[in-house]
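Participant: If you scroll down you'll find the structure; I have some questions about it.
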Amino acid sequence: MLYTPAMLRSALLNVMIKAAHKAGRTLKRDFGEVEHLQVSLKGPANFVSAADRRAEEVLCEELAAARPGYCFVGEEGGRREGSDRTHTWIVDPLDGTSNFLHGIPHFAISIALEREGSIVAGLVYNPANDELFTAERGKGAFLNNQRLRVAARKRLADAVIACGLPHLGRSDLALAGRELAHVQGKVAGLRRFGAASLDLAWVAAGRFDGYWERQLSPWDIAAGFILVREAGGYVTDFERDDSPWRSGDVVAGNEAIHGELLQLLNQAAKS
């Protein structure tokens, strides 16, 4: 991995990092309180929802102060129009809410910037371990100050693949079962960690060889999309469209793994 000094980060990326760090401090404080609430009769669910909303407001305020007029799309507050319709922040203040709720330190703040329909910058930050994944179009992807590349493994038999598992009440439970049956026997291992933005960031970092999930929201995918792309990977939806944050379905990996995984998943959909 190549070392790149923090001073080389662009003004845009510094804006995003400052906002993420400020919101991350509130989430880290709130995360420390969750374990004390686990023993209460009501549980920590309401507390976590409030933490989620607080983090989004911090992000919205910080980003708006630095880039007034940009539109803002957040998981909690929905879309907020700005005077500049060519730029939109796509933000998840707390990806991995269930992990956070259960005291599992695997969650993230996700920020992406969409410019005229394309993702031009992305950030995924886990306050629990201070891992900061960043990327800008044409400038590479980084974990803190280390340059990232997707893993080089070419065979599914050698690959560890991340996936999403639909929760109770979702309409695609049967399809998910078929997908798992098609993939599980072909790979070295499957993982379900519960935070889509971090799954994509970990593909960019070479920790996962591939990843797929269905029925996500734009803020689950947008930042991770550019991380994988700038780390040399492939990320599309199941129809090979290269704007997966629009469809909500995503498949990622290096060129070989992405292709093989997509083929298996499409076979599962037809079975």
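The values are calculated or read from the model by the stated rules, or taken from the named source; none is laboratory data. Keep in mind that what you see is a predicted model, and the values were worked out from it rather than measured. Note that each Cβ is placed from the backbone with ideal geometry, even for glycine, and that neighbours are counted across all protein chains shown. Side chains included, ligands, DNA and RNA excluded: accessible areas come from the protein's heavy atoms. Shrake-Rupley method; radii C 1.70, N 1.55, O 1.52, S 1.80 Å.
Participant: Count charges around LEU8 for me, please; just the other residues with Cβ under 12 Å from its Cβ, Lys/Arg as +1, Asp/Glu as -1.
Facilitator: Details: positive: ARG9, LYS139, ARG147; negative: GLU136.
That sum, taken over residues with Cβ under 12 Å, equals +2.
Participant: Okay, next question. Looking at [x] 21.7; [y] 19.3; [z] 18.7, which value of Kirkwood radius over Cα pairs in Å comes from a calculation on the structure shown?
Facilitator: Computed from the coordinates, Kirkwood radius over Cα pairs in Å corresponds to [z].
Participant: Probe radius 1.4 Å, ligands and nucleic acids ignored: give me the carbon and sulfur share of the accessible area of the range 74-179 as a rounded percent. Present the calculation step by step, with values, prior to reporting the outcome.
Facilitator: On the way: 2230 of 4580 Å².
Percent of accessible area from carbon and sulfur atoms in the range 74-179: 49.
Participant: Right, another one. At 1.4 Å probe size, with every protein chain present, just tell me what the per residue accessible area of the range 90-186 comes to in Å². Show your work: numbers first, answer last.
Facilitator: Values: 4110 Å² over 97 residues.
Heavy-atom accessible area per residue stands at 42 Å².
Participant: How would you rank 91-97, 72-78, 129-135, 188-194, highest first, on the average number of other Cβ atoms within 10 Å across their residues?
Facilitator: Numbers: 91-97: 27.1, 72-78: 17.7, 129-135: 20.4, 188-194: 14.3.
Ranked by mean Cβ neighbours within 10 Å, highest first: 91-97, 129-135, 72-78, 188-194.
Participant: For the range 82-175, what does the alpha-carbon gyration tensor say about shape, rounded, prolate or oblate, given a ≥ b ≥ c as the root eigenvalues, a/c under 1.5 as rounded, and a/b over b/c as prolate? Show your work: numbers first, answer last.
Facilitator: Working: a/c = 1.45, a/b = 1.19, b/c = 1.22.
It is rounded, given that a/c, with a ≥ b ≥ c, falls under 1.5.
Participant: Now for a separate question. Under 5 Å between amide H atoms, partner at least 5 residues away or on a different chain: which partners does ARG80 have, H built in plane at 1.01 Å?
Facilitator: The list, which skips near neighbours in sequence, is PHE72, VAL73, GLY74.
Participant: Using θ = phi - 60° and the Karplus curve 6.51 cos²θ - 1.76 cosθ + 1.60, what whole-Hz ³J(HN,Hα) does each residue of the range 76-82 get, with Gly and Pro shown as x?
Facilitator: Karplus values, whole Hz, x for Gly and Pro: 7, x, x, 8, 10, 6, x.
Participant: Can you run phi through the Karplus equation (6.51, -1.76, 1.60; θ = phi - 60°) for the range 197-206 and list ³J(HN,Hα) in whole Hz, with x for Gly and Pro?
Facilitator: Result, ordered by residue: 4, 6, 4, 5, 4, 6, 5, 4, 7, x Hz.
Participant: First check a/c for the range 149-253, with a ≥ b ≥ c the square roots of the eigenvalues of its C-alpha gyration tensor; if it is under 1.5, answer rounded, and if not, answer prolate when a/b is larger than b/c or oblate otherwise. All intermediate terms of the calculation are to be shown ahead of the outcome.
Facilitator: Numbers: a/c = 1.73, a/b = 1.09, b/c = 1.58.
Oblate is the answer for the range 149-253, as a/c is 1.5 or above yet b/c matches or exceeds a/b.
Participant: With θ set to phi - 60° and the Karplus curve 6.51 cos²θ - 1.76 cosθ + 1.60, what are the ³J(HN,Hα) couplings of the range 106-116 in order, to the nearest whole Hz, using x for Gly and Pro?
Facilitator: Karplus values, whole Hz, x for Gly and Pro: 10, 8, 7, 9, 10, 10, 10, 10, 9, 10, 6.
Participant: So how strong a dipole does the chain carry about its Cα centre when Lys and Arg Cβ are +1 and Asp and Glu Cβ are -1, to the nearest 20 debye? Present the calculation step by step, with values, prior to reporting the outcome.
Facilitator: Working: 32 positive and 34 negative charges, 98 e Å.
Roughly 480 debye, rounded to the nearest 20.
Participant: Which FRET efficiency value, to the nearest 0.05, is calculated for LYS139 and HIS106 with the Förster distance at 30 angstrom and r the Cβ-Cβ distance?
Facilitator: Efficiency computed from Cβ-Cβ geometry: 0.65.
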